[in-house]
Amino acid sequence: MGGLPTNRTVNGFAVSPENSKTMFVVMRDGLFKSTDTGASWKSVGNGLKNMAAVAINPKKPSEMFLSTLDGTIYVSADAGMKWKKQQ
Amino acid sequence: MQGRFYFWPLMGMLWFLNAGAVQGQENAGLLLSAAAQDSHQMNMGDKKDGNGFQHVHALATDAEGRTLFLGAHTGLFRSDDRGRSWKKVALTATQSGFDMMAVTPDPKDPKTIYVATHEAGVFKSNDGGTTWKEVNNGLGGMDVHGLAIDPNTPQKLHAAVREKGEGIFRTTDGGGKWTRVDDGPQGEVKVLTSVNMSTGMGGIFLYAGTSTGLQRSPDCF
């Protein structure tokens, strides 16, 4: 278990449409990924903070979207590893 | 009280529950921040001002992955260019600025979308978000903080109602009628999602992101 900051608000959650064991959590501390239904978590998305929500394209699960609390959108083309600010 | 103190943590995931959390601490900060921004004028299209969202609660694509829907303190927004530009979506003729807590597309039908609001319950669209109707029959309260749709049976949804009429409510007919089924997780629910994972007891798991962390429970209560 572990890997998520404790006593922190979970703002957003998304699960892979391809594999239900793969899921994402967003919070003020950033973006976290689990591949074991939530038993363990790794911080991904280098340095992104103040996250409000996360979404996965159901037709193309490698494509993901993030919104910060103030509405800045980030897009990933590799299932959440690298993120680019949407221009 | 069984649901609150027993079902979610013990039947679900004691290992996720962050005991001893200082509830509401972070939320208090968020509320203050939102209130401070309330006086700012809406400024659509100004990236520096976060598109006038003030505070984002939810983000989802439709079942085809074409349209992004964003739920914010100032209302529901849609983008057809992957989040570059946003248009506000009116839920009713008179009121477009509901505080949107959840956006829950039907995973099989791209035309069907549900949203949950802080003050007016649950709305449903059958035409891809153009027109909306309230679907609150049987819902205990109008402050809905989470809305989960069953990925296998999209007519089945769970709603997390906060404060007045608080609890988890279930519909099995796409919002036609809601029934209270559980007290729900500890803390303030921020997001509620049905995960396609068998519990071995005839249901699947509901995951709740809350002010005290991530919790889960079988949905067959």
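Out of the residues in segment A:1-46 that are β-branched (V, I, T), crowded, with 22+ Cβ neighbours inside 10 Å and at the interface with chain B (Cβ under 8 Å from one of its Cβ atoms), which is nearest to B:G209 (Cα to Cα)?
We begin by selecting, within segment A:1-46, every residue β-branched (V, I, T); these are A:6, A:9-10, A:15, A:22, A:25-26, A:35, A:37, A:44.
Checking which are crowded, with 22+ Cβ neighbours inside 10 Å leaves us with A:9-10, A:15, A:25-26.
From the residues that got through so far, the ones that are at the interface with chain B (Cβ under 8 Å from one of its Cβ atoms) too are A:9-10, A:15, A:25.
Numbers: A:T9: 7, A:V10: 5, A:V15: 12, A:V25: 8 Å.
Filtering first and then ranking leaves A:V10.
Among the residues of segment B:142-159, are any surrounded by fewer than 16 Cβ atoms within 10 Å (Cβ to Cβ), more than 24 Å from B:A90 (Cα to Cα), among the β-branched types (V, I, T) and more than 14 Å from every other protein chain (Cβ to nearest Cβ)? Looking through segment B:142-159, at least one residue is surrounded by fewer than 16 Cβ atoms within 10 Å (Cβ to Cβ), more than 24 Å from B:A90 (Cα to Cα), among the β-branched types (V, I, T) and more than 14 Å from every other protein chain (Cβ to nearest Cβ).
What do you reckon, is A:K85 more than 11 Å from the chain's Cα centre (by Cα) and farther than 24 Å from B:A72 by Cα?
Working: more than 11 Å from the chain's Cα centre (by Cα): yes; farther than 24 Å from B:A72 by Cα: no.
Spelling it out, it is not the case that A:K85 is more than 11 Å from the chain's Cα centre (by Cα) and farther than 24 Å from B:A72 by Cα.
For A:S76, the test of being more than 9 Å from every other protein chain (Cβ to nearest Cβ), touching a Phe, Trp or Tyr at 6+ places or on another chain (Cβ under 7 Å) and polar (S, T, N, Q) is passed.
In segment B:164-221, which residues are hydroxyl-bearing (S, T, Y) and away from chain A (no Cβ under 14 Å)? Those that are hydroxyl-bearing (S, T, Y) and away from chain A (no Cβ under 14 Å): B:T171, B:T172, B:T179.
Name the residues in segment B:191-215 that are more than 26 Å from B:D109 (Cβ to Cβ) and either in contact (Cβ under 8 Å) with a residue 60 or more places away in the chain or assigned to a loop (DSSP other than H, G, I, E, B) (or both), would you? It would help to see each step written out before you state the result.
Quick first cut of segment B:191-215, residues more than 26 Å from B:D109 (Cβ to Cβ) only: B:200-201, B:210-215.
Selection gives B:G200, B:M201, B:S211, B:T212, B:G213, B:L214, B:Q215.
Would segment B:200-209 turn up any residue that is at pLDDT below 95, over 13 Å from the mean Cα position of the chain (by Cα) and of a type in the set (A, V, I, L, M)? For segment B:200-209, residues at pLDDT below 95, over 13 Å from the mean Cα position of the chain (by Cα) and of a type in the set (A, V, I, L, M): present. Is it the case, given these coordinates, that B:P185 is surrounded by fewer than 24 Cβ atoms within 10 Å (Cβ to Cβ) and in contact (Cβ under 8 Å) with a residue 24 or more places away in the chain? Judged against the criteria, B:P185 is not a match.
Residue by residue, here is whether (1) surrounded by fewer than 23 Cβ atoms within 10 Å (Cβ to Cβ); (2) more than 7 Å from chain A (Cβ to nearest Cβ); (3) free of Cβ contacts under 8 Å to residues at least 40 places away in the same chain holds:
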position	(1), (2), (3)
B:H55	yes, no, yes
B:L59	no, no, no
B:A63	yes, no, no
B:T67	yes, yes, no
B:G71	no, yes, no
B:D81	yes, yes, yes
B:S85	yes, yes, no
B:K88	yes, yes, no
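Flag: A:A77 does not match the condition of being under 19 Å from B:G209 (Cα atoms) and among the aliphatic types (A, V, I, L, M). When you scan segment A:1-9, do you find a residue that is without any contact (Cβ under 8 Å) to a residue 60 or more places away in the chain and under 26 Å from B:E64 (Cα atoms), even just one? Within segment A:1-9 (the criterion being without any contact (Cβ under 8 Å) to a residue 60 or more places away in the chain and under 26 Å from B:E64 (Cα atoms)), the answer is no, since none of the residues qualifies.
Quick one: which of A:T6, A:T68, A:T72 is among the β-branched types (V, I, T) and more than 26 Å from B:S85 (Cα to Cα)? Please lay out each step first, then the result.
Details: A:T68 fails: more than 26 Å from B:S85 (Cα to Cα); A:T72 fails: more than 26 Å from B:S85 (Cα to Cα).
Among A:T6, A:T68, A:T72, only A:T6 is among the β-branched types (V, I, T) and more than 26 Å from B:S85 (Cα to Cα).
Any residue at all in segment B:120-130 that is away from every other protein chain (no Cβ under 14 Å), among the aliphatic types (A, V, I, L, M) and within 15 Å of the chain's Cα centre (by Cα)? Break it down into steps so the answer makes sense when it comes.
If we filter segment B:120-130 for residues that are away from every other protein chain (no Cβ under 14 Å), which is where we start, we get B:120-130.
Adding the requirement that they be among the aliphatic types (A, V, I, L, M) leaves B:120, B:122.
In the following step, the residues that additionally are within 15 Å of the chain's Cα centre (by Cα) were identified as B:120, B:122.
Scanning segment B:120-130 turns up at least one residue that is away from every other protein chain (no Cβ under 14 Å), among the aliphatic types (A, V, I, L, M) and within 15 Å of the chain's Cα centre (by Cα).
The values are calculated or read from the model by the stated rules, or taken from the named source; none is laboratory data. Treat the numbers as computed from the prediction; the structure is a model and nothing was measured. Ideal geometry is used to build each Cβ from the backbone, glycine not excepted, and the neighbour counts take in all protein chains shown.
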